[in-house]
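Read through the structure below, which is laid out as structure tokens, and then see the notes.
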Amino acid sequence: GKAKIIYATDDPDVLISYFKDDATAFNAQKRGQITNKGIVNCKVASHLFQLLEAQGVKTHWLDTPSEREMRVRAVKIIPLEVVVRNLAAGSLCKQTGLALGTVLTPPLVEFYYKNDDLGDPLLTRDRIRVMNIADEAQINELIRLAEKINTILQTFFQRCQITLVDFKLEFGLGQMNGILLADEISPDTCRLWDQAKSDQVDRVLDKDRFRQDLGHVAEAYQEVLQRILGQVSRN
Ligand code: TMP
Ligand code: ASP
């Protein structure tokens with residue numbers, strides 16, 4: 001993929017996910033590198049997957065043998081980007097006119113089709129069904145999991161004094177263990193706002209710094225990792 005390389009192992013049920021520093025945005029029209037992003041995202045995602053596993057969410061994460069590598073269960077990725085939004089930002093503001101930061105109660109759960117050629121379009125439940133991507137029960141399960149993950153992550157990031165604005169999840173089908181959370185959760189896939197800052201540019205601690213050329217991209221990623229590590233060691 002664009003940010004990770006997936007390697008096979010001797011065990012067909014296990015893959016290695018290698019995290020690169022490469023960054024893309026706007027369907028790869030914008031490309032660049034963020035220093036040590038791979039290390040930060042691998043560490044952040046590893047911590048968050050462990051946190052979620054501890055609270056009963058099944059994930060593809062097995063262990064983290066090096067600073068850029070995660071061992072994961074091989075899954076068949078469901079071609080959906082499941083986006084959870086607590087505050088309005090990004091494409092939601094652009095497409096609806098809702099003001100940036102509008103509180104969404106209850107949180108919005110949306111599905112986008114993971115297809116670069118089509119530009120990852122927004123789907124409806126009915127479209128997901130007619131496209132044979134998932135059945136009604138699976139769609140309900142994805143929404144239930146997304147909401148549970150949101151509750152766990154919101155609580156955790158609150159302790160880091162970070163507002164979890166929105167994030168993207170991907171799920172896969174395991175051998176027999178049903179739907180597993182897959183891919184990564186990191187500053188690449190979340191919008192994270194520093195609660196210690198009020199300025200709309202200063203508070204951004206996520207990939208929007210890269211997308212919008214806000215500067216200090218690598219520093220923001222490091223700050224997220226430091227907040228998470230500080231939180232983990234206090235548990
Ligand atoms: P959006 O506002 O651009 O639709 O993004 C919603 C969330 O999903 C945001 O946290 C960024 C994340 N995201 C990805 O992880 N990958 C993507 O390709 C896109 C477009 C968004
Ligand atoms: N990662 C996506 C891309 O390559 C989009 C994004 O995160 O903004 O375009």
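Please treat every number below as a calculation from the coordinates, not as lab data. Quick caveat, the model's predicted, so the values are computed rather than measured. Cβ: placed from backbone, ideal geometry, glycine included. Neighbour counts: every protein chain shown.
Length available on full extension from Glu67 to Lys148: 0.36 nm per residue minus the Cα-Cα distance, which gives 26.4 nm. For the chain, a Gaussian network of Cα nodes joined below 10 Å ranks Lys58, Lys30, Lys207 by mean-square fluctuation, and the top entry is Lys30.
Using a cutoff of 8 angstrom between alpha carbon atoms and counting only pairs six or more residues apart, the relative contact order for segment 6-64 works out to 21 percent. Site pair Leu173 and Thr96 shows an inter-label distance of 3.1 nm when each label is modelled 7 Å from Cα along Cα→Cβ.
Which part of segment 66-108 falls in the paramagnetic zone of Asp10, meaning amide N under 19 Å from the point 7 Å along Cα-to-beta-carbon? Of the residues in segment 66-108, 66, 70-74 have backbone N under 19 Å from the label point off Asp10.
Thr102 sits among other residues whose Cβ lies under 14 Å from its own Cβ, and their net charge, with Lys and Arg +1 and Asp and Glu -1, is +2.
Sparse packing (at most 12 other Cβ atoms within 10 Å of the Cβ) combined with a DSSP loop state is found for the following chymotrypsin sites (Phe, Trp or Tyr not before Pro) in segment 1-64: Phe26.
Restricted to Cα atoms, segment 1-138 shows a radius of gyration and a Dmax of 17.1, 50 angstrom.
When Rg and Dmax are taken over the Cα atoms of segment 133-184, they come to 12.8, 38 Å. A simple spin-label model places pseudo-atoms 7 Å from Cα toward Cβ; at Lys58 and Asn27 they are separated by 3.4 nm. Stretching the chain fully between Tyr18 and Lys76 yields a gain of 19.1 nm (0.36 nm per residue, less the alpha carbon separation).
Would you mind giving the average projected area, over all directions, of the Cα convex hull of segment 137-235 in nm² with one decimal?
7.5 nm²
Orientation-averaged projection of segment 39-120 equals 7.4 nm² [convex hull of Cα atoms, one quarter of hull surface area]. The Rg/Rh ratio of segment 67-204, with both radii computed over alpha carbons and Rh defined as the Kirkwood radius, is 0.98. For the chain, modelled as a Gaussian network with Cα springs under 10 Å, which listed residue fluctuates most, Asp188, Asp63, Asp213? The residue that fluctuates most here is Asp213. Between Leu118 and Arg211, the FRET efficiency estimated from the beta carbon spacing at R0 = 22 angstrom works out to 0.65. The length gained on full extension between Val130 and Gln158, counted as 0.36 nm times the residue separation minus their Cα-Cα distance, comes to 6.2 nm. Here the chain is treated as a Stokes sphere of Kirkwood radius computed over C-alpha pairs; at 37 °C and 0.692 mPa s its diffusion coefficient rounds to 180 µm²/s.
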